[in-house]
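A short worksheet on the structure shown next.
Taken together, the values in this text are just the output of simple stated rules run on the coordinates, not laboratory data. The model shown is predicted, which means the values in this text are computed figures rather than measured ones. Here the Cβ positions follow ideal geometry from the backbone for every residue, glycine too, while neighbour counts run over all protein chains shown.
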Amino acid sequence: MTETGQTAPDFTLPQDAGDPVTLSAQRPAPVVLYFYPKDDTSGCTKEAVAFSGLLTEFEAAGARVFGISKDSVVKHGKFRGKHDLSVPLLSDEAGDVCERYGVWVEKSMYGKTYMGIERATFLIDGAGRIARIWRKVKVPGHAEEVLEAVRAL
């Protein structure tokens, strides 16, 4: 399980709109990674729209923002197009990055348990260390709270 203060696990993942993204190559910019369960579902759409709406403010603060789920690059592209999203979406189809960040967890709904992505956000500082973690994220106001944390770095 990842913890605040440790070096963020490095990765390279394909994105929906261009070349693959390598986390360590983003330095010295701070990076926001938000993990979400599934493209085009209600909560995930609201979260992606919120981060997209604030993307220019994150960029003005020097930060890069990426959404990550296990959906394919093609599905990400359709999701971005349908909702006019500006945040790049990374595809972790194999689930390796989700495992390394500790967001692939047992969940339950209507009495049934299953494995899925816990909605979580990681703020990584310019040196590549995890500055803050939000787990079990509630979408309303979350992107704004993360932006304030970026500005406070």
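Residues checked against (1) more than 15 Å from the chain's Cα centre (by Cα); (2) farther than 24 Å from PRO14 by Cβ; (3) of a type in the set (D, E, K, R):
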site: LYS46; (1), (2), (3): no, yes, yes
site: ALA63; (1), (2), (3): no, no, no
site: GLY67; (1), (2), (3): no, no, no
site: HIS83; (1), (2), (3): yes, no, no
site: ASP92; (1), (2), (3): no, no, yes
site: ILE133; (1), (2), (3): no, yes, no
site: LYS138; (1), (2), (3): no, yes, yes
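Quick check on the range 8-24: of everything there that is part of a loop (DSSP other than H, G, I, E, B) and of a type in the set (A, V, I, L, M, F, W, C), which residue is surrounded by the fewest Cβ atoms within 10 Å (Cβ to Cβ)? Steps first, please.
To start, the set of residues in the range 8-24 that are part of a loop (DSSP other than H, G, I, E, B) comprises 8-11, 16-17.
Right, trim to of a type in the set (A, V, I, L, M, F, W, C) and you get 8, 11, 17.
Working: ALA8: 21, PHE11: 18, ALA17: 13.
Only one residue fits best here, namely ALA17.
I need a count of the residues in the range 115-151 that are charged (D, E, K, R) and within 19 Å of TYR101 (Cα to Cα).
Keep residues of the range 115-151 that are charged (D, E, K, R), which gives 118-119, 125, 129, 132, 135-136, 138, 144-145, 148, 151.
Among the residues that remain, those that are also within 19 Å of TYR101 (Cα to Cα) are: 118-119, 125, 129, 132, 135-136, 138.
Total meeting the criteria: 8.
Can you tell me which residues in the range 103-144 are at negative phi, of a type in the set (D, E, K, R) and surrounded by fewer than 15 Cβ atoms within 10 Å (Cβ to Cβ)? Write out each step before concluding.
Restricting attention to the range 103-144, the residues satisfying the condition of being at negative phi are 103-109, 112-127, 129-135, 137-140, 142-144.
With the extra rule that they be of a type in the set (D, E, K, R), the set shrinks to 106-107, 112, 118-119, 125, 129, 132, 135, 138, 144.
Within the range 103-144, GLU106, LYS107, LYS112, ARG129, ARG135, LYS138, GLU144 qualify.
Report yes if GLU106 is among the acidic types (Asp, Glu), in a loop (DSSP other than H, G, I, E, B) and either within 23 Å of ALA8 (Cα to Cα) or out of contact with any helix residue (DSSP H, G or I) (no Cβ under 6 Å at 6 or more places or on another chain) (or both), otherwise no. Spell out how you get there, then give the answer.
Working: among the acidic types (Asp, Glu): yes; in a loop (DSSP other than H, G, I, E, B): no; either within 23 Å of ALA8 (Cα to Cα) or out of contact with any helix residue (DSSP H, G or I) (no Cβ under 6 Å at 6 or more places or on another chain) (or both): yes.
No, not satisfied.
Out of GLU57, GLU93, which single residue is farther than 21 Å from VAL139 by Cβ and among the charged types (D, E, K, R)?
Answer to the selection: GLU93.
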